[in-house]
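Peer 1: Before I ask anything, let me first share the structure, which is written out below as structure tokens.
The values are calculated or read from the model by the stated rules, or taken from the named source; none is laboratory data. Because the structure is predicted, anything quoted here is derived from the model rather than measured. Backbone-built Cβ (ideal geometry, glycine too); neighbour counts: all protein chains shown. In case anyone asks, the SASA skips ligands and DNA or RNA and just uses the protein heavy atoms, side chains included. Shrake-Rupley method; radii C 1.70, N 1.55, O 1.52, S 1.80 Å.
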Amino acid sequence: MNRADHIVDGFKATLLARGIYMISSALLMFVLARYLLEPGGYGALYWAIGVLTIIQLFADLGLSKSVARYISEYRETDPGQVPYLIRSVITAKIVLLTVVGYVLLLFHEQIATALGDPGAAPFLAAGVIYLVVFSLSTFAQVAFQGFNHLGYSALVQAVSGTGRFLFAVAFVLAGLGALGAFFGYIVGYAISATLGIGILYYGFVRKHERADEYEEGLSRRLIEYSVPLTATRSANVIDKQIDIVLVGVFLNPAAVAFYTLAKQISDFVLAPAESLGFTISPNFGEQKAADQLEEARRIYETSLTNVLLLYIPAAVGLAIVAGPFLTLVFGSDYAAAVPVLQVLAGFVVLQAITNLTSDSLDYLGRARARAVAKGGTAVANFGLNILLIPTIGVVGAAIATVATHSVYVAVNLYIVHTELELNVRRIARTTGLVCGITGVMAVAVLLVTPLVSSLFMLVGAIAVGTITWGVLAVMSGLVDPGQVRSVIG
């Protein structure tokens, strides 16, 4: 199988699993927000998860991404080192999880009180288990990425999403409320972690014949490379979660619900870009090692063009239909989330480019440069949130996210350009053409949106935009129907 076919197959598997994961997440979001929880309970659940996601940084560091990079390299050059690499990382994770979990268990009440929500203490206490199962589940996914066996990574993610949905809904229906939904998350991640670690050990580690000894200096390089990855991941998590935490600190759980719901919708839209970035990134490490940068450049430029072609129109369409979408699907209680979602529509385009680019830079060995950029923009995002949330409310958090992420994307693209020497003129020309198509599509959607008064009519408005986009994309030559059929087939 050639590289292009391998990428397409990996993308299909990843997109299918991400589709299952995102659909189950969307159903969970819909059922909890529409029927099972009040905005206050919904906000309390995801505020606690946001706090735990930040605490998770100290339990994971950047070890998973680092070992994936070295697995990608050594499975080709010296497979006997792979078992040593995995053993090193798992040992380190056990130590970190033990320390962080113990501290959280001792001080969960004090942490909740310090953040202004003593009622979150039970979530943080149960969060000790959450940290362990979430860490192992995500480690398995990233390790499979390093082996370039994306089907297994996709399977683990799909199982976690499905398990979360089933058990969260069941526990809430049993009368356990928002805390029950949180335990549903824990059970879902526990199942996926068990599956992922089992496949990783029996399907990969045991099949690699261990070398006589651990390569001298390899564990040191593994840890050294995890340092910039830790900085990048920390900045990335803080960038994504600190706004949710600060909305809860400065405002109230209902405001957290409005902001979280808008971000979850944008995450749902981003599933294809995340799948594509996850699929292509291991190939860059292999191509750089083989000095095949021309092929790497071709893959990245093609992927970037496709991402822009899909996400610029999607973001504009999302901003236009945000009002009827939120009120018809989730109810009038969430009308306050409309301006947040409209602002975050711009974030959708930026994050789509980031999803395509970030992992690729790690595999190209530019994690340190990306860490510096992410750290700087994360600090700026934190400062803007503190400035804007108290003054203009929950929309301020969305504005801060879009503003700082714009800078981060620009820096990422520059770093990729220094590595691969992208054809900037061709990319700019394609982007201009995509924007022109989007303008025509936007006019068509704007004409029918005022008529939307039901879910059926909302689907019709989206269909009008999609058909307009498809016809213009084919007529302009940006989309080749034959290639689309071959990918789908």
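Peer 1: When you go through T91, T14 one by one, which is the residue that is modelled with pLDDT under 90, hydroxyl-bearing (S, T, Y), buried (at least 21 other Cβ atoms within 10 Å of the Cβ) and assigned to a helix (DSSP H, G or I)?
Peer 2: Values: T91 fails: buried (at least 21 other Cβ atoms within 10 Å of the Cβ).
The match here is T14.
Peer 1: Another one. Condition first: out of contact with any Gly (no Cβ under 9 Å at 6 or more places or on another chain), in a helix (DSSP H, G or I) and open to solvent by 30 Å² or more (accessible area, probe 1.4 Å). Now tell me which residues in region 66-88 satisfy that.
Peer 2: E76, T77, P79, R87, S88 - these are the residues of region 66-88 that are out of contact with any Gly (no Cβ under 9 Å at 6 or more places or on another chain), in a helix (DSSP H, G or I) and open to solvent by 30 Å² or more (accessible area, probe 1.4 Å).
Peer 1: For region 89-131, how many residues are free of Cβ contacts under 8 Å to residues at least 40 places away in the same chain, under 23 Å from the mean Cα position of the chain (by Cα) and closer than 23 Å to G177 by Cα?
Peer 2: Number of matching residues: 1.
Peer 1: Could you say which residue among S454, S476 is within 30 Å of Y414 (Cα to Cα), of a type in the set (G, A, S), surrounded by fewer than 19 Cβ atoms within 10 Å (Cβ to Cβ) and touching a helix residue (DSSP H, G or I) at 6+ places or on another chain (Cβ under 8 Å)?
Peer 2: On the way: S454 fails: within 30 Å of Y414 (Cα to Cα).
The conditions single out S476.
Peer 1: Please go through region 97-128 and pick out each residue that is of a type outside the set (G, A, S) and in contact with a Leu (Cβ under 7 Å, 6 or more places away or on another chain). Step through it out loud before you land on a result.
Peer 2: Step one: of region 97-128, the residues of a type outside the set (G, A, S) are 97-100, 102-111, 113, 115, 117-118, 122-124, 128.
Residues satisfying the conditions are L97, V100, L104, H108, I111, P122, F123, L124, V128.
Peer 1: Something else now. Report whether or not T194 is over 23 Å from E76 (Cα atoms), open to solvent by 20 Å² or more (accessible area, probe 1.4 Å), hydroxyl-bearing (S, T, Y) and under 21 Å from the mean Cα position of the chain (by Cα). It would help to see each step written out before you state the result.
Peer 2: Values: over 23 Å from E76 (Cα atoms): yes; open to solvent by 20 Å² or more (accessible area, probe 1.4 Å): yes; hydroxyl-bearing (S, T, Y): yes; under 21 Å from the mean Cα position of the chain (by Cα): no.
Judged against the criteria, T194 is not a match.
Peer 1: N148 fails exactly one of the following numbered conditions: (1) closer than 25 Å to R233 by Cα; (2) touching a residue at least 24 places away in the same chain (Cβ under 8 Å); (3) assigned to a helix (DSSP H, G or I). What is the number of that condition?
Peer 2: In the conditions (1) closer than 25 Å to R233 by Cα; (2) touching a residue at least 24 places away in the same chain (Cβ under 8 Å); (3) assigned to a helix (DSSP H, G or I), N148 misses (3) alone.
Peer 1: For D117, are the conditions met, namely being under 24 Å from F204 (Cα atoms) and of a type in the set (D, E, K, R)? Working first, answer last.
Peer 2: Working: under 24 Å from F204 (Cα atoms): no; of a type in the set (D, E, K, R): yes.
Spelling it out, it is not the case that D117 is under 24 Å from F204 (Cα atoms) and of a type in the set (D, E, K, R).
Peer 1: Being crowded, with 16+ Cβ neighbours inside 10 Å, among the β-branched types (V, I, T) and closer than 30 Å to I299 by Cα is the filter here, so list the residues in region 433-451 that pass it.
Peer 2: V434, I437, T438
Peer 1: Right, something else. From G101, G127, grab the single residue that is modelled with pLDDT of 90 or more, touching a Gly at 6+ places or on another chain (Cβ under 9 Å) and surrounded by fewer than 20 Cβ atoms within 10 Å (Cβ to Cβ). Outline the logic, then answer.
Peer 2: Values: G127 fails: surrounded by fewer than 20 Cβ atoms within 10 Å (Cβ to Cβ).
When all the criteria are applied, what remains is G101.
Peer 1: In this structure, is R206 open to solvent by 30 Å² or more (accessible area, probe 1.4 Å) and free of Cβ contacts under 8 Å to residues at least 60 places away in the same chain?
Peer 2: It is true that R206 is open to solvent by 30 Å² or more (accessible area, probe 1.4 Å) and free of Cβ contacts under 8 Å to residues at least 60 places away in the same chain.
Peer 1: Okay, moving on. Which one of these is among the hydroxyl-bearing types (S, T, Y) and open to solvent by 10 Å² or more (accessible area, probe 1.4 Å): T401, T430?
Peer 2: Being among the hydroxyl-bearing types (S, T, Y) and open to solvent by 10 Å² or more (accessible area, probe 1.4 Å) holds for just one of T401, T430, which is T430.
To keep it simple, each residue is scored yes or no on (1) at pLDDT 90 or above; (2) within 17 Å of the chain's Cα centre (by Cα); (3) surrounded by fewer than 18 Cβ atoms within 10 Å (Cβ to Cβ).
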residue	(1), (2), (3)
I199	yes, no, no
R221	no, no, yes
S226	no, no, no
D243	no, yes, no
L251	no, no, no
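Peer 1: Does region 430-439 contain at least one residue that is out of contact with any strand residue (DSSP E or B) (no Cβ under 9 Å at 6 or more places or on another chain) and more than 24 Å from G317 (Cβ to Cβ)? Even if it seems obvious, please write down each step before you answer.
Peer 2: Narrowing region 430-439 to residues out of contact with any strand residue (DSSP E or B) (no Cβ under 9 Å at 6 or more places or on another chain): 430-439.
Narrowing further to those that are more than 24 Å from G317 (Cβ to Cβ): none.
No: zero hits.
Peer 1: Those residues that are in a helix (DSSP H, G or I) and open to solvent by 10 Å² or more (accessible area, probe 1.4 Å), I need them from region 34-46; list them, please. Full working, then the answer.
Peer 2: Filtering region 34-46 for residues in a helix (DSSP H, G or I) gives 34-36, 39-46.
Residues satisfying the conditions are R34, Y35, L36, P39, G40, G41, A44, Y46.
Peer 1: Working only within region 159-177, note down all residues that are in contact with a Phe, Trp or Tyr (Cβ under 7 Å, 6 or more places away or on another chain), touching a residue at least 24 places away in the same chain (Cβ under 8 Å) and open to solvent by 10 Å² or more (accessible area, probe 1.4 Å).
Peer 2: R164
Peer 1: Anything in region 298-317 that is open to solvent by 50 Å² or more (accessible area, probe 1.4 Å) and closer than 15 Å to H417 by Cα? List them, or say none.
Peer 2: R298, T302
Peer 1: Being modelled with pLDDT under 85, of a type in the set (D, E) and not in a helix (DSSP H, G or I): is that true of E216 here? Can you show your working first?
Peer 2: On the way: modelled with pLDDT under 85: yes; of a type in the set (D, E): yes; not in a helix (DSSP H, G or I): yes.
When the stated conditions are applied, E216 passes them.
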